[in-house]
Amino acid sequence: MHRINRRDFLRFAGASVGALAIVSPARAAQSARVMVIGGGFGGVTCARYLKVFDPTLEVMLIEPEPQFVTGPASNYVLGGFRALRRITLNYDALQTKYGITLIHDLVISINAAKKTVTLKNGKRLSYDRLVVSPGVDFSWGAIKYYDPASANAMPHAWKAGPQTTLLRKKLEAMRNGGRFLIVAPANPYRCPPGPYERASLVAYYLKRHKPRSKIIILDAKDDFPKKDLFMDGWNKFYPGMIEWVPGAQGGKARSVNVHKLVVDTELDRFKGDVVNVIPPQNAGRIAYVADLVNDSGWCPVEARTFESKKQKGVYVIGDAAIAGDMPKSAFAANSQAKIAAAAIVSELQGRTPAEPLLLSTCYSLLAPDYGISIAGVYRATADGIKLVPGSGGVSPREANLDFRAEEAKYAIGWYASITADGWG
Ligand code: FAD
């Protein structure tokens with residue numbers, strides 16, 4: 001893999017912001033209404049930047065929950081070094097500082113032909129342009145017997161909040177010498193390095209409190225991002241504690257037994273004391289209801305604008321979108337949100353959207369002071385969104401502990417800035 005060239009990365013990042021800045025509020029369309037479904041990383045960022053690029057727009061954000069608990073840093077909660085309240089954000093600033101209208105409700109249907117959405121409370125609202133950022137839902141039953149009720153016995157904790165607390169409680173209650181199983185899905189799924197960061201930070205906790213315990217990752221894949229870096233770190237800090245079983249060696253989960261805390265894979269049976277099943281995923285339910293998904297279970301979009309290929313005037317961003325080489329990450333959702341906002345404002349003003357450049361960096365912690373990262377810059381091409389050759393890469397393998405400590409600081413700084421860019 002290529003190593004990160006920070007100068008190039010910043011050059012690309014600057015070019016991307018420059019491309020956005022040409023959208024002139026002075027030429028704004030009068031009072032068009034842009035509605036955004038989903039108050040997660042994609043949705044809040046898009047709502048905010050719509051207002052930044054054109055303050056005259058009426059921007060509505062629809063989100064059922066009163067607060068948002070972030071997936072990023074939720075593994076720190078499992079590791080025991082960050083409280084859940086410190087990853088819980090509220091929507092106040094969006095209304096008071098940025099003039100966005102917030103509606104706490106669930107969208108149950110979209111009529112793209114009539115440009116209306118219907119809320120669970122029965123109200124129907126009209127829009128001029130619609131942004132959909134509903135994140136993921138789980139493909140229940142893809143692992144036999146893993147259904148919503150099973151998530152009480154075998155939490156996924158892949159949507160942060162009560163599930164994170166539940167998994168943490170189970171970890172705290174686990175005996176010393178116990179077995180913590182993590183079931184990791186095939187690609188594509190939300191946060192590709194996430195299961196391995198989770199294994200690391202669970203190990204961080206266990207090493208201090210229950211050092212005879214073991215973590216087994218049952219993986220549907222034969223590879224994962226930053227694998228060498230993760231494995232180096234595991235050997236260094238948690239020797240013998242984390243075992244990774246790739247798909248080809250029987251890691252692929254077939255079924256679960258929630259009463260016995262057993263996972264059956266293609267080749268073997270594993271019994272856990274705590275079982276964390278991260279199930280296969282697909283676009284959030286509303287994307288299905290609104291006929292935005294294709295056979296893959298994700299939403300095809302125009303690479304330059306994120307407008308749906310299936311419904312005109314509807315833009316899909318974040319985890320739900322098919323974004324080519326980009327990972328399903330909060331950073332990617334944030335980047336896509338800005339591109340979609342700029343495209344919508346340009347289009348409402350009758351101008352052609354600028355050529356987008358998109359970004360993503362995924363930091364992972366293996367311990368509070370040991371971080372690694374993978375980064376990329378992406379461009380819209382005729383074949384979809386592609387990594388710009390030579391633009392990104394992973395942290396160097398031979399780096400010393402000071403370097404890793406610096407990357408851990410960047411991870412914390414990144415979290416503060418990406419959440420402030422949305423909710424702050
Ligand atoms: P979300 O942020 O999930 O937001 C979707 C929102 O839509 C939700 O609030 C939901 O309530 C709302 N919604 C859904 N349906 C409807 C509807 N019908 N009507 C109204 N609202 C609706 N990414 C990183 O970049 N870096 C990391 O370090 C990182 N770590 C992670 C660690 C873990 C453990 C996990 C699980 C994820 C991590 N991620 C990370 C990934 C990141 O959380 C997601 O990629 C990101 O949240 C995607 O943003 P989104 O807007 O697509 O979806």
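The values are calculated or read from the model by the stated rules, or taken from the named source; none is laboratory data. Because the structure is a prediction, the values reported are computed rather than measured. Neighbour counts run over all protein chains shown; Cβ positions are idealised from the backbone, glycine included.
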Subset tally (residues that are surrounded by 16 or more Cβ atoms within 10 Å (Cβ to Cβ) and not in a helix (DSSP H, G or I)) for segment 389-419: 5
Matching entry among Ala330, Ala337 (being surrounded by 24 or more Cβ atoms within 10 Å (Cβ to Cβ), within 22 Å of Lys409 (Cβ to Cβ), within 10 Å of the ligand (Cβ to nearest atom) and not charged (D, E, K, R)): Ala330
Boolean, Ala73 is among the small types (Gly, Ala, Ser), more than 22 Å from Cys46 (Cβ to Cβ) and either out of contact with any Leu (no Cβ under 8 Å at 6 or more places or on another chain) or within 12 Å of the ligand (Cβ to nearest atom) (or both): no
Qualifying position, being within 9 Å of the ligand (Cβ to nearest atom) and within 22 Å of the chain's Cα centre (by Cα), among Ala160, Ala184: Ala160
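Which is touching a helix residue (DSSP H, G or I) at 6+ places or on another chain (Cβ under 8 Å), touching a residue at least 24 places away in the same chain (Cβ under 8 Å), closer than 30 Å to Arg48 by Cβ and of a type outside the set (Asp, Glu), of Arg190, Arg168? Full working, then the answer.
Details: Arg168 fails: closer than 30 Å to Arg48 by Cβ.
Result of the check over Arg190, Arg168: Arg190.
Within segment 309-321, work out how many residues are free of Cβ contacts under 8 Å to residues at least 40 places away in the same chain and farther than 18 Å from Cys191 by Cα.
First pass over segment 309-321, keeping only residues free of Cβ contacts under 8 Å to residues at least 40 places away in the same chain: 309-310, 321.
Those left that are additionally farther than 18 Å from Cys191 by Cα: 309-310.
Matching residues across segment 309-321 total 2.
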Residues being part of a helix (DSSP H, G or I), buried (at least 24 other Cβ atoms within 10 Å of the Cβ) and more than 9 Å from the ligand (Cβ to nearest atom) - total across segment 34-52: 4
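Find the residue count for segment 170-222, including only residues that are of a type in the set (Phe, Trp, Tyr) and either modelled with pLDDT under 95 or not in a helix (DSSP H, G or I) (or both). Give the steps one after another, and end with the answer.
Let us first name the residues in segment 170-222 that are of a type in the set (Phe, Trp, Tyr), namely 180, 189, 196, 204-205.
Filter once more, so that each one left must be either modelled with pLDDT under 95 or not in a helix (DSSP H, G or I) (or both): 180, 189.
The total comes to 2.
Does segment 119-131 contain at least one residue that is in contact with a helix residue (DSSP H, G or I) (Cβ under 6 Å, 6 or more places away or on another chain) and within 29 Å of Leu292 (Cα to Cα)? Break it down stepwise before answering.
First pass over segment 119-131, keeping only residues in contact with a helix residue (DSSP H, G or I) (Cβ under 6 Å, 6 or more places away or on another chain): 129, 131.
Within this subset, residues satisfying the condition of being within 29 Å of Leu292 (Cα to Cα) are 129, 131.
Yes, that holds for at least one residue.
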Arg85 at pLDDT below 95, surrounded by fewer than 17 Cβ atoms within 10 Å (Cβ to Cβ) and not aromatic (Phe, Trp, Tyr): no
Options Leu401, Leu366, Leu357; residue that is within 16 Å of the ligand (Cβ to nearest atom) and not assigned by TED's automatic domain parsing to the domain that holds Lys227: Leu366
Complete set of residues in segment 54-70 that are under 30 Å from Leu348 (Cβ atoms) and more than 8 Å from the ligand (Cβ to nearest atom): Asp54, Pro55, Thr56, Leu57, Glu58, Val59, Met60, Leu61
1 or more residues crowded, with 17+ Cβ neighbours inside 10 Å and in contact with a Cys (Cβ under 7 Å, 6 or more places away or on another chain): qualifying strands (runs of 3 or more DSSP E) within segment 224-322: 281-283, 314-316
The listed residue being over 25 Å from the mean Cα position of the chain (by Cα) and in contact (Cβ under 8 Å) with a residue 60 or more places away in the chain, out of Gly272, Gly324: Gly272
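Name the strands (runs of 3 or more DSSP E) wholly inside segment 65-143 in which the number of residues that are acidic (Asp, Glu) and in contact (Cβ under 8 Å) with a residue 12 or more places away in the chain is 1 or more.
Hits in segment 65-143: 136-138.
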Residue among Val107, Val131 that is hydrophobic (A, V, I, L, M, F, W, C), touching a Phe, Trp or Tyr at 6+ places or on another chain (Cβ under 6 Å) and within 11 Å of the ligand (Cβ to nearest atom): Val131
